[in-house]
Every structure is written in structure tokens, then in C-alpha cells.
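Let me begin by presenting the structure, written as C-alpha cells, before commenting on it.
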Amino acid sequence: MAESWSFLDTWELDFRPLVVIELAKGTKGETIEWFTKRIVDKKANGGAQLLVKPLVTENGDENIYLVGASPLRLLLGAETVGLVKECNDNSMRTFTYSSRRTFKDFADDNHNFLTMAECQYIIKHELENLRAKDERMIPGYPQAKLYPGKSIVRRLLTSGILVQIFPLHDREELKKLRHSWYGRVKVGYQPLDEIRCYFGETIALYFGFLEYFTFALIPMAVIGIPYYVFAWEDYDKYVMFATFNLLWSTVILEVWKRICAIMTYRWGTLLMKRQFEEPRPGFHGVLGINPVTGREEPVYSSIKRQIRIYLVSLPFVCLCLYFSLYVMMIYFDLEQWALDYHEENESNFSSMMLFVPSIIYAVVIEIMNRIYRYAAEFLTSWENHRLESSYQNHLILKVLVFNFLNCFASLFYIAFVLFDMKLLRQSLATLLITSQILNQFAESLLPYWLQKRHKKRMKKRMCSLKTDTDLSLVEQINLEREMGTYFGTFDDYLELFLQFGYVSLFSCVYPLAAVFAVLNNITEIYSDALKMCRVYKRPFAEPTANIGVWQLAFETMSVISVVTNCILIGMSPQVNALFPDSKMDLILTVALVEHLLLAIKFIMAFVIPDKPRDIQIKLAKLEFESLEALKQQVRATDTQNREK
């Protein structure tokens, strides 16, 4: 590949804008010249070797730049990031420029071999890997310090010189996707392959998981309705329902692994090599040599990182957990006040007041979760993790611990300290329904309404604008740069995780939880599709082979649900009546049943393969061919050495 870089052109007449860079107004000319030069410079000189074109409007502003790349540059970039494409023999292989003609649909004149999302991902990768070499500051801004290995894009963002970088929408493709995705209400599957081609694998996997989880909840909802209607207070009849719930939670998670493997193999990300992941843009340190890859990259002491984690982040998280428990106790004081008020007045108004503390607490929980999220992001970024995967894992762990305690601590307290099943049922229903309504409003309805208002104002302003540049492109960029930014699937998975907890942890107390979850998820599919296509900027595609640490989070929740449901069943009057003389026998029986159910869960997880048999064979075949190719290469090298 090294030879190919030198033959790349630095400009191309047929320029296709893929990514937009917006600089702050009034950015100094020497800064713009230096930054654009680094973008177009050759790789050997530390540049990205991309194409840049300013978007000049009638008012003369030159703070917006369009970035593209030649077809050859994109193909070489596809090899650099390790994209996997389908070959002519229908197998999936890592793309290499030297073997490009063995890949399906490749032709020298076919510029659609790489999807637009893949091209934008390549450009993002190259821009993020622009790092300072000899520069000590950003030209024109002495206060914006640089040092060898520092990400240039990151420094420009933190200094306020670079406002944002975002990929452009393809309006024709987006129109087709909107029509097939949510343009008409229908009963059917989502166009996941089209979503993947347009938004990338990470977002497609989220919508695939949301769809799968919704369908998986239907049996729980169907069974829960008659239990709710006909056996409301009969706890012994809930034993079968709770047992089904526990086995159901294991099966759906194991089957999802298989479905996920099928999809990601078809998309090529199951084969992508992630062990040599590039340092994340926010990672900083002294420029050194990676001992594995031999490449120059920042180096940061792991001891310093551990000190930051255990002496700063961990105490802060513990303090937040304590504050969450303190707020919970205030909620119980309000519950007691509402109960006393109802006993004194016995009116319709006092009956309604019984639900007010739970509603207020649900709103406070959502507010606390969102505030804590910002603090967790700041701390995790400050810890300076080298890899994006490591950063995400530490962030998810911080947020999950707090959200789990914040959302479920009150339910555990009601169930196992107060022993009040009626209040538990009421609180569970209120927390679930209130959180779903708040999430739908905050994540979809409000942003959509604000975006629609802004779009009307922008169109009025653009109608009076006269420019030599293509008006539709100028209008599109001005509309998109004012859209909200989609920060990833974190919040979406977190919402599903908490929903899974409400459904599984206390299923034998409130069987209708699955019904409300299904109804919410059906609207969630359409509202999330709407916000992706109409509310937010197009996010950069991110290749992924699975849902990551969220799989472990859901599996952990299912294990906890075994314990809680067994204890709840053991606390029921009907079960207690079976052990009138010895509570120890009751405890031992409940513990035995709990261990038995856990054993069944783990056996099922072991028996059900994570990947279907045909996928396993294809992966093994590729590994065998790689080993054979390596052996041939070694033999050829030995032969050449002997001849010398």
C-alpha cells in the first residue's frame, strides 16, 4: 500500500462532498491555511491526503469547508480501517487494494462499491488521526497549545476554533429510506439492511435489537394480561408466570446472539479485526511507539489512569449513590404524608394524591439520571482511556450502577424492607409509565417540534439568498448544521435496559409491565426512526459486531431477576402457609429453587451456541485459509533466502 499513496492526486475535478467542517466565525487565515494544508498533505508528511473545498456564499463567509476524497484514496482508506466486503465467491473477506478485483460489484468506474456511510467513516478516521508532530501551538492561537501526538481535531474543538464536523445526508437515499422505514404504518420488519447502508452497523444493530426485544416481549404481555385480570391477589398462581419469565429472559438473550451473528456476518463487521484499534481522538500523552504495531502514537501511564479512577472517579460515584438513596428516603416521607392525608379525608382527590409522590419521584429520577450522565462523561474523558471501547465500557459501568440504584432501589426497599406489595405494584406501574412518557417527550417530540420551527425560519431566509453556488447544497448544509447532534445509542440502550429491569425484576407483582413495554416500543421504533431521519444530523457510521457490554448488562439483570422473583414468591402468604412451623425450611427451599433456576439458565446459555453452525464453519474456513496463506508466504521467504 505504501507505493500507492504516492500516486494519489491532491485534487479531483469531480468533487463529491461527503463531510462538512464548520470553523468558528472570524477564524484567522493562517489557522485555516495550516489546517486545510494538513488535511490535503500527503500521508508521508503527516497529512490526511483528502480533498477540501470552501463553501462560499454571497456574504463572503468562508468558515464552512467540504471534505471529500478521490476514489483511489477511499479504497486505500478502506484497507486501512479494515473494511470487510463480499467476494465473488460469496465469502466475506477483509478488503485489500491489491485484490480489489476479487470483490463483488467492484469496477474501476463503479464509485458505489463503497457506501456513502463507509466513505464518510473513512474520512472521519483520517481526520481524527491528524496528530501534531513538531507544532507547539495552533498557528494564530498561541494559547491553544499542541505537543507531539496530540489530536489536532480534538484541540481545535476544545479551543472553540472548530465548531463541528458532520457527514452530509444523501437526500434521495434518505427519502427512500424514510418511505420504507416509517412512511406508512405497517405490521412488518424494519429495513435493517437499508438502515445499515445509510447509518452504519451500530445504529442498525440498535434498531434490530429494539425490534427483536419488542417481539420477544409479546409472549410475556399475552400471558400477563389474564394473570392480571383473573389472579390479581393469588400469589401461588404467579409461580408459573415467574418461572416462565426467568427462562424467557435467558432464551431471548441467547437467541439474540445468534441473530446478531447472522446480521453482522452479512454486513462484514463480525470479521473486522479490532485488536489493533486506533487511539481515540480524546486520548493524549507523550508521542511514542506502539510496541505491537510499530506506529507512532501517544503514550500515557496506566498508573496515572488507575489513580484517577480509584481516587477520584470511584469516590465521586459512591457520593452520588449516597445522594440517590437520600432522595429515595425523602420520597418515602412523601408517600407516608400522602397516605396519612388519604386516611384523614377519604375522597377522590385524596385517592389521586396517593400517586403524586411516585410521579414526582419518577420525574426527579429522570433529572438526576441526566445530570449524572454529564458528570460521568466528564470523569471518564478525564481518565484518558486509550481506546474508544475502553472509554465506553467505563462510562457504561458508571452510568449503569447509578441508574440501577436510582431507578430500582425504592422498589427493592418497598419489597424487602416494607413488605408492602400493594405499594410495590403502584410504584412499579407509576415509575414505568412516567419514565416512558418523559423519554418519548424529551427524546423525540420536543426535538422534532424545535427542528420543524427552525426549518421554517431557515427556508424563509434561504429564499431571499442569491448565490452562484448550488442553492440546494447551500440550503442543505445550512439546515443540517443547525440540527441537533446524535450522541450515539447509549441512551437508547439504557432506556431498554431499565425497561427490561421493570419487566423482569418484579414480574410476579405486576404482570402488565410487559404490555406497557410493548406499546412503548412500538411507538419508540417510529419515533426513533423519525428523529434519526428528520431531527438529528446524520451520525458517522461506526462498525460493530455486537451490542457490546450491553449484552452483559442484560444478562446480569436477568440473573438478578431470578433472585428477586424467587424471594417475592417465598414471601407470599400462600407459600408461607406451606411452612407454618419452620421459617428456615422456607428459606432453604427458596434458596434451592433459586439455585436450580440459575443452574438451568447457565446450562441453557451454554447449550445454545452464540453463532449458528453455518457461520461457525465459514469463520473456521477463513481462519484455515489465512493460516495456509501465511505458511505459503513463509515458504516463499525461506526459498528466497536459500537462493541468496
Does the stretch 147-160 hold any residues that are open to solvent by less than 10 Å² (accessible area, probe 1.4 Å) and among the hydrophobic types (A, V, I, L, M, F, W, C), and which are they?
-> 152, 156
Does the stretch 576-585 contain any residue that is assigned to a helix (DSSP H, G or I), surrounded by fewer than 10 Cβ atoms within 10 Å (Cβ to Cβ) and at pLDDT 85 or above?
-> yes
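Residues are listed down the side, and each one gets a yes or a no for (1) open to solvent by 10 Å² or more (accessible area, probe 1.4 Å); (2) in contact (Cβ under 8 Å) with a residue 24 or more places away in the chain; (3) part of a helix (DSSP H, G or I):
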position	(1), (2), (3)
524	no, yes, yes
528	no, yes, yes
546	yes, yes, no
551	yes, yes, yes
556	yes, no, yes
563	yes, yes, yes
568	no, yes, yes
Any idea which of 335, 343 is open to solvent by 50 Å² or more (accessible area, probe 1.4 Å), part of a helix (DSSP H, G or I) and not assigned by the TED database to the domain that holds residue 393?
-> 343
State yes or no: is residue 73 more than 23 Å from residue 157 (Cα to Cα), assigned by the TED database to the domain that holds residue 134 and modelled with pLDDT of 85 or more?
-> yes
Run down 325, 314 and say which single residue is at pLDDT 85 or above, open to solvent by 80 Å² or more (accessible area, probe 1.4 Å) and closer than 29 Å to residue 393 by Cβ.
-> 314
Any chance residue 484 is open to solvent by 10 Å² or more (accessible area, probe 1.4 Å), of a type outside the set (A, V, I, L, M, F, W, C) and touching a residue at least 12 places away in the same chain (Cβ under 8 Å) = yes
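Which residues, taken from the stretch 377-400, are hydrophobic (A, V, I, L, M, F, W, C), under 16 Å from the mean Cα position of the chain (by Cα) and in a helix (DSSP H, G or I)?
Of the residues in the stretch 377-400, the ones hydrophobic (A, V, I, L, M, F, W, C) are 378-379, 382, 387, 395-397, 399-400.
If we keep only those that are under 16 Å from the mean Cα position of the chain (by Cα) too, we end up with 387, 395-397, 399-400.
The answer is 395, 396, 397, 399, 400.
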Unique residue being modelled with pLDDT of 90 or more and of a type in the set (D, E, K, R) when the list is 150, 53 | 53
Which pairs do you get when a residue that is more than 15 Å from residue 94 (Cα to Cα), found in the stretch 614-630, comes within reach of a residue that is surrounded by 10 or more Cβ atoms within 10 Å (Cβ to Cβ), reach meaning Cβ atoms under 8 angstrom, with the pair 6+ apart or on two chains?
-> 615/261; 615/262; 615/265; 615/270; 616/609
Test residue 408 against the stated conditions and say whether it is open to solvent by less than 30 Å² (accessible area, probe 1.4 Å) and modelled with pLDDT of 90 or more.
-> yes
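I'd like to verify a number: residues in the stretch 136-170 that are charged (D, E, K, R) and in contact (Cβ under 8 Å) with a residue 12 or more places away in the chain, how many? Even if it seems obvious, please write down each step before you answer.
Applying the first criterion (charged (D, E, K, R)) to the stretch 136-170 yields 136, 145, 150, 154-155, 170.
Now drop any that are not in contact (Cβ under 8 Å) with a residue 12 or more places away in the chain, which leaves 150, 154-155, 170.
Residues that pass the stated criteria total 4.
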Would you check if there is a residue in the stretch 297-309 being under 27 Å from the mean Cα position of the chain (by Cα) and assigned to a loop (DSSP other than H, G, I, E, B)?
-> yes
Looking at this structure, is residue 517 touching a residue at least 40 places away in the same chain (Cβ under 8 Å), part of a loop (DSSP other than H, G, I, E, B) and among the small types (Gly, Ala, Ser)?
-> no
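Kindly indicate the residue of the stretch 119-135 that is touching a residue at least 40 places away in the same chain (Cβ under 8 Å) and part of a loop (DSSP other than H, G, I, E, B) and also least open to solvent (accessible area, probe 1.4 Å) among those meeting that condition.
Restricting attention to the stretch 119-135, the residues satisfying the condition of being touching a residue at least 40 places away in the same chain (Cβ under 8 Å) are 119-131, 133.
Next, only the ones that are part of a loop (DSSP other than H, G, I, E, B) stay: 129-130, 133.
Values: 129: 49, 130: 1, 133: 89 Å².
Looking at the filtered set, the residue picked out is 130.
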Which is in contact with a strand residue (DSSP E or B) (Cβ under 7 Å, 6 or more places away or on another chain) and touching a residue at least 40 places away in the same chain (Cβ under 8 Å), of 52, 67?
-> 67
Before we move on, is residue 128 at pLDDT below 90, under 17 Å from residue 285 (Cα atoms) and within 24 Å of the chain's Cα centre (by Cα)?
-> yes
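Residue 216: in contact (Cβ under 8 Å) with a residue 24 or more places away in the chain and open to solvent by less than 10 Å² (accessible area, probe 1.4 Å), yes or no?
Values: in contact (Cβ under 8 Å) with a residue 24 or more places away in the chain: yes; open to solvent by less than 10 Å² (accessible area, probe 1.4 Å): no.
Considered against the rule, which asks whether it is in contact (Cβ under 8 Å) with a residue 24 or more places away in the chain and open to solvent by less than 10 Å² (accessible area, probe 1.4 Å), residue 216 comes out as no.
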Could you grab me the full set of residues in the stretch 377-396 that are under 24 Å from residue 326 (Cβ atoms) and touching a residue at least 40 places away in the same chain (Cβ under 8 Å)?
-> 379
Quick one: which of 401, 364 is open to solvent by 20 Å² or more (accessible area, probe 1.4 Å) and farther than 30 Å from residue 543 by Cβ?
-> 364
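Okay, residues lined up against (1) under 26 Å from the mean Cα position of the chain (by Cα); (2) open to solvent by 50 Å² or more (accessible area, probe 1.4 Å); (3) at pLDDT below 85:
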position: 48; (1), (2), (3): no, no, no
position: 65; (1), (2), (3): no, no, no
position: 93; (1), (2), (3): yes, yes, no
position: 108; (1), (2), (3): no, yes, yes
Quickly run through the stretch 274-311 and pick out the residues that are open to solvent by less than 100 Å² (accessible area, probe 1.4 Å), at pLDDT below 90 and among the polar types (S, T, N, Q).
-> 290, 293, 301, 302
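The values are calculated or read from the model by the stated rules, or taken from the named source; none is laboratory data. Treat the numbers as computed from the prediction; the structure is a model and nothing was measured. Cβ atoms come from the backbone with ideal geometry, glycine included; neighbour counts cover every protein chain shown. To get the accessible areas, we keep the full protein, side chains included, count just its heavy atoms, and leave off ligands, DNA and RNA. Shrake-Rupley method; radii C 1.70, N 1.55, O 1.52, S 1.80 Å.
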